[in-house]
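These notes are about the structure you will find just below.
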Ligand SMILES: [Cu+2]
């Protein structure tokens, strides 16, 4: 079940004003993306998503590489084991989602072509990983 995308005012205040504005922008982008994706969500489909799991720990992805088949919907469960907020993001896969400290979110992607799709923590750019589609 996807975690609620809405952060409380209290949480945002605790993170601090600079981060607060950053998160606000990213949250807006995420909401717009979700709205655009909505029409597809209600459609029943035999196309079961492939679920993959990844954790963010000590500012690293574990594992740093995920493997997935091409052309299938992929649900990536992202667990943040760190003490600070992260944002799972991939320009190549067109996703970004806030992952609260200690929290877990699910992002859905559908890579159509074989490749090495980069993803990263947009709040800590040293935290890099790849979705490998053979
Ligand atoms: Cu971002």
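The values are calculated or read from the model by the stated rules, or taken from the named source; none is laboratory data. Here the structure is a predicted model, which is why all the values come from computation and not from measurement. Positions of Cβ are backbone-derived with ideal geometry, glycine not excepted, and every protein chain shown enters the neighbour counts.
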Is at least one residue of the range 20-41 crowded, with 17+ Cβ neighbours inside 10 Å, within 15 Å of the ligand (Cβ to nearest atom) and modelled with pLDDT of 95 or more?
no
If you scan the range 47-62, which residues turn out to be touching a strand residue (DSSP E or B) at 6+ places or on another chain (Cβ under 7 Å) and over 16 Å from residue 107 (Cβ atoms)?
59, 60, 62
Per the filter on the range 90-103, residues in contact with a strand residue (DSSP E or B) (Cβ under 6 Å, 6 or more places away or on another chain), within 16 Å of residue 129 (Cβ to Cβ) and either more than 13 Å from the ligand (Cβ to nearest atom) or free of Cβ contacts under 8 Å to residues at least 40 places away in the same chain (or both) are 92, 93
Is the range 64-84 home to any residue that is modelled with pLDDT of 95 or more, under 13 Å from residue 123 (Cα atoms), within 16 Å of the ligand (Cβ to nearest atom) and surrounded by 12 or more Cβ atoms within 10 Å (Cβ to Cβ)?
yes
Cβ contacts < 7 Å: first residue farther than 25 Å from residue 71 by Cβ and away from the ligand (no atom under 16 Å from the Cβ), restricted to the range 106-134; second residue at pLDDT 95 or above and in a strand (DSSP E or B), any location; separation 6+ or different chain. Result?
none
Suppose we filter the range 64-89 for residues that are free of Cβ contacts under 8 Å to residues at least 40 places away in the same chain and closer than 15 Å to residue 132 by Cβ; how many remain?
1
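Out of all the residues in the range 118-134, which are in a loop (DSSP other than H, G, I, E, B) and closer than 13 Å to residue 95 by Cα? Can you show your working first?
Step one: of the range 118-134, the residues in a loop (DSSP other than H, G, I, E, B) are 122-123, 134.
Once the filter is applied, which keeps residues that are in a loop (DSSP other than H, G, I, E, B) and closer than 13 Å to residue 95 by Cα, the range 118-134 yields only 122.
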